[in-house]
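Have a look at the structure below before the remarks.
The values are calculated or read from the model by the stated rules, or taken from the named source; none is laboratory data. Since this is a predicted model, take the numbers as computed values, not measurements. Note that we place each Cβ from the backbone using ideal geometry, even for glycine, and neighbour counts take in every protein chain shown. Side chains included, ligands, DNA and RNA excluded: accessible areas come from the protein's heavy atoms. Shrake-Rupley method; radii C 1.70, N 1.55, O 1.52, S 1.80 Å.
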Amino acid sequence: QQQVKQSPQSLIVQKGGISIINCAYENTAFDYFPWYQQFPGKGPALLIAIRPDVSEKKEGRFTISFNKSAKQFSLHIMDSQPGDSATYFCAASTGSNYQLIWGAGTKLIIKP
Amino acid sequence: DAGITQSPRHKVTETGTPVTLRCHQTENHRYMYWYRQDPGHGLRLIHYSYGVKDTDKGEVSDGYSVSRSKTEDFLLTLESATSSQTSVYFCAISDPTSGTYQETQYFGPGTRLLVL
C-alpha cells in the first residue's frame, strides 16, 4: 500500500514531442506528489509538485495531471528538448513523517 | 545543491572495512536523510534524522548506522562493508517550516562507493 508504481522504465521521444510519465499509488492518505529530475552525476532536484486539491499544475513546459479517483498522476513535458534528457522520479508523501515514497524512475531520452 | 556537501565524493574500499560518509548542510534544516540509489531500485531510504540525536530506520537499514551530533552534520557508517553496499549514496535535507511544500527534500551531489 506504500508503493508508488512508475512507468515506463525508459522513454525515447523526438525533439518537440510530448513526453508522458505515469505513476500510480494505493495509499489514499498521500497528500503531496512531487516530481524530481536527475541528471547524470547529480542529485535529484524538485521539478514540480502538486497536492490532491487540484487536478492539474503547470510550470512552463512541465505539467502534472492528477486523477484522485484513479489514484494516478502523470508528468507531461511539452515541446521536449534534448536538455530534458534525464531520469525522472515521482514520489508521494502523507506529510506525517516527512518521508517520501519513491517511484523506480524513468530514463527519458530526447532525440534531436 | 541547496548548501549540502557530501564527502568523500568517491571511495573504493575492501570488504570488511568500516566506512563513514559525511553529509554537511548550511541550511539549518531539521530533517536529514540518507538514501542509496541502485539501477532498477530508484531511491531507497536507509536512515533519517528529525533532529540532533534523533534518528530512525528506513527500509534498507541493515548494515548501516547513523549519527547526528550537530544540526549540520549527518554521518552514515557501514560497520563492515560488503559488495552489496556498492552504490551511490545521497544525502537529503528538508524543513517542515519552510517553503510552500514542507515535504520538499533537497539533495546533495552524492557519494559513489565501490566495495571490492
Revision key, fill the gap. Taking only C-alpha positions in chain B, Rg and Dmax in angstrom work out to 13.5, 44
Study note, to complete from the structure: On complex formation of B with A, accessible surface lost, both sides summed, probe 1.4 Å, nearest 100 Å², amounts to 1800
**Study point:** Most positive-pole-ward Cα, A:I77, B:T82, A:Q6, against dipole of the protein assembly as shown from beta carbon charges
**Key:** A:I77
Point to revise | Förster-model FRET efficiency, 41 Å R0, B:T20 and A:Q2, C-beta, rounded to 0.05 | key: 0.85
Point to revise | Rounded accessible area of A:Y25 (nearest 10 Å², 1.4 Å probe) | key: 10
Check your understanding: Which value results when the Cα radius of gyration for the protein assembly as shown is divided by 2.2 N^0.38 Å?
Key -> 1.02
Study note, to complete from the structure: So the compactness index of chain A, its C-alpha Rg divided by 2.2 N^0.38 Å, takes the value 1.01
Point to revise | Whole-number percent relative contact order across chain B, with pairs defined as alpha carbons under 8 Å at least 6 apart | key: 35
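Students sometimes get this wrong: rank A:T28, A:T94, B:T20 by accessible area, probe 1.4 Å, all chains present, largest first.
A:T28, B:T20, A:T94
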Exercise for review: Select from segment A:26-107 those GluC sites (Glu not before Pro) which occupy a DSSP coil region and have at most 14 other Cβ atoms within 10 Å, ordered by residue number.
Suggested key: A:E26
Check your understanding: Contour minus end-to-end for A:S96 and A:H76, with contour as 0.36 nm per residue of separation and end-to-end as the Cα-Cα distance?
Key -> 4.4 nm
Point to revise | Reachable aspartates and glutamates, given that their alpha-carbon falls under 17 Å from the alpha-carbon of A:K58 and they are not under 8 places away in the same chain | key: A:D79, A:D84
Check your understanding: Roughly speaking, what is the stretch gain from B:K57 to B:D38, that is 0.36 nm per residue apart minus the C-alpha to C-alpha distance, in nm to one decimal?
Key -> 5.0 nm
Practice item. Can you sort A:F33, A:F62 by 1.4 Å-probe accessible area, starting with the largest? Key: A:F62, A:F33
